[in-house]
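See structure below.
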Amino acid sequence: NHIITHAHSLKIRSQKWLAPHIPIHQQNASSKLRQNMRLPSQSLFSKTIALLFSKRSTRTRIAAETSAELLGGRALFLGREDIQLGVNESARDTAQVISGMCQGIFARVGDHSEIEELAQYSKVPVLNALSSLWHPTQILADLLTLHENAGAFSREALEEEKKNMKRMTPILPELPPLTIAYVGDCANVLNDMLVTYPRLGHKVKVAAPLQYRSPPEVMARVKELGCDQNIEWFEDPKEAVWNANVIVNDTWISMGQEAEKADRLKAFEGYQVTEELCKFASPDWRFMHCLPRKPHEVNDAVFYGPRSLAFPEAENRKWTIMALFDLQFGRWNLDPPKPET
Ligand code: CP
Ligand code: NVA
């Protein structure tokens with residue numbers, strides 16, 4: 001919640017700063033307004049975050065690069081074709097070298113064990129930009145997007161949103177308890193939903209073919225956090241979507257699974273999100289997708305329709321990653337540095 005609130009505040013202030021011009025009626029603004037229009041912070045001034053990405057990325061990379069710049073620092077993109085890692089050098093040696101020169105690592109890896117290894121040998125914090133098991137920063141953006149749209153789900157939040165129109169610095173409306181349905185492959189994005197939403201009071205209902213449910217190591221963590229009480233599993237998408245406020249899906253073929261494409265397309269037949277399927281949802285339903293998206297997962301009518309939050313969700317990758325960088329690496333961070341290993 002702290003990250004989401006911070007992301008919202010950074011978003012409002014950055015958008016004011018980035019607006020093409022200061023409107024005439026604000027040019028003689030009061031000192032309070034001018035204060036609200038200051039740059040968010042220079043908390044990354046002279047700091048470098050290494051973006052160690054072994055897989056493609058549009059959103060996560062752009063979010064990290066542009067937000068580090070807004071915070072006065074630098075995100076240094078290190079793709080798999082750029083550095084020695086994996087060809088001439090081990091993860092252990094790479095982690096030690098990068099952490100001698102950069103103040104943080106944001107890593108997108110294949111197998112989850114790769115990020116564990118980086119974290120073990122890095123002297124600076126390592127954040128997960130996507131692994132085979134988890135995609136934590138995606139869920140931060142999803143949560144901010146849901147809060148911003150809370151008025152769709154609750155009368156109180158709608159009132160709050162109306163009041164916000166008159167406020168200089170809008171308050172992020174509270175979310176009522178939601179039912180969130182996920183339809184499709186139980187991959188990294190769903191796995192983070194499973195360990196996040198139940199702890200915030202929301203129910204998660206999942207529809208997936210039996211052989212594509214979350215793996216045991218994820219389910220062990222779900223149980224350890226007590227999230228299993230608020231999760232229901234189905235094979236039939238209609239049952240999962242029944243009365244849901246939010247419907248979410250993701251690709252059926254995650255990066256690295258391209259060889260399984262034919263089997264997966266067959267296994268997920270009948271799991272496409274369509275307006276027909278969404279008729280089973282609560283009348284206030286909204287749709288979310290992390291992107292990139294293929295039409296076989298969700299048709300154009302839903303994806304480009306008025307209930308879709310997919311593009312605001314994509315933009316919110318920036319503000320939530322910015323909040324994370326500010327809180328984790330920023331010079332105002334009061335946490336003690338990680339001890340030497
Ligand atoms: N949602 C997401 O992580 O997108 P990218 O793979 O483009 O970063
Ligand atoms: N499950 C997808 C998410 C992409 C953002 C993948 O891992 O490719």
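The values are calculated or read from the model by the stated rules, or taken from the named source; none is laboratory data. This is a predicted model, so every value here is computed, not measured. Here the Cβ positions follow ideal geometry from the backbone for every residue, glycine too, while neighbour counts run over all protein chains shown.
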Can you find a residue that is over 26 Å from residue 53 (Cα atoms), in contact with a Pro (Cβ under 8 Å, 6 or more places away or on another chain), aliphatic (A, V, I, L, M) and away from ligand 2 (no atom under 16 Å from the Cβ) anywhere in segment 255-267?
no
Condition met for residue 299 (in contact (Cβ under 8 Å) with a residue 60 or more places away in the chain, of a type in the set (S, T, N, Q), more than 20 Å from residue 130 (Cα to Cα) and surrounded by fewer than 19 Cβ atoms within 10 Å (Cβ to Cβ))
no
For segment 287-301, state whether one or more residues are part of a strand (DSSP E or B) and among the small types (Gly, Ala, Ser).
no
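Out of 67, 43, which single residue is touching a Gly at 6+ places or on another chain (Cβ under 9 Å), buried (at least 17 other Cβ atoms within 10 Å of the Cβ) and either at pLDDT below 95 or outside any loop (DSSP other than H, G, I, E, B) (or both)?
Values: 67 fails: touching a Gly at 6+ places or on another chain (Cβ under 9 Å).
Just one listed residue meets the conditions, 43.
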Mind counting the residues in segment 309-325 that are surrounded by fewer than 18 Cβ atoms within 10 Å (Cβ to Cβ) and either more than 16 Å from ligand 2 (Cβ to nearest atom) or on the phi > 0 side of the Ramachandran plot (or both)?
1
Does residue 61 satisfy the criteria of being surrounded by 13 or more Cβ atoms within 10 Å (Cβ to Cβ) and either within 14 Å of ligand 1 (Cβ to nearest atom) or modelled with pLDDT of 95 or more (or both)?
yes
Which ones in segment 250-279 are of a type in the set (Asp, Glu), more than 16 Å from ligand 1 (Cβ to nearest atom) and not in a helix (DSSP H, G or I)?
269
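Restricting attention to segment 87-142, report how many residues are among the hydroxyl-bearing types (Ser, Thr, Tyr), free of Cβ contacts under 8 Å to residues at least 12 places away in the same chain and part of a helix (DSSP H, G or I).
1
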Flagged in segment 78-100 as touching a Lys or Arg at 6+ places or on another chain (Cβ under 7 Å) and crowded, with 16+ Cβ neighbours inside 10 Å, in numbering order, are 99
State whether the residues of segment 198-213 include one that is over 24 Å from residue 311 (Cα atoms) and among the hydroxyl-bearing types (Ser, Thr, Tyr).
yes
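Listed here are the residues, each with its yes/no results for (1) in contact (Cβ under 8 Å) with a residue 12 or more places away in the chain; (2) surrounded by fewer than 21 Cβ atoms within 10 Å (Cβ to Cβ); (3) under 23 Å from residue 323 (Cα atoms); (4) not aromatic (Phe, Trp, Tyr).
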site	(1), (2), (3), (4)
144	yes, no, yes, yes
151	yes, yes, no, yes
162	no, yes, no, yes
184	yes, no, no, yes
198	yes, yes, yes, yes
206	yes, no, no, yes
Looking only at residues in segment 104-123 that are away from ligand 2 (no atom under 11 Å from the Cβ) and crowded, with 21+ Cβ neighbours inside 10 Å, which one is nearest to residue 215 (Cα to Cα)?
115
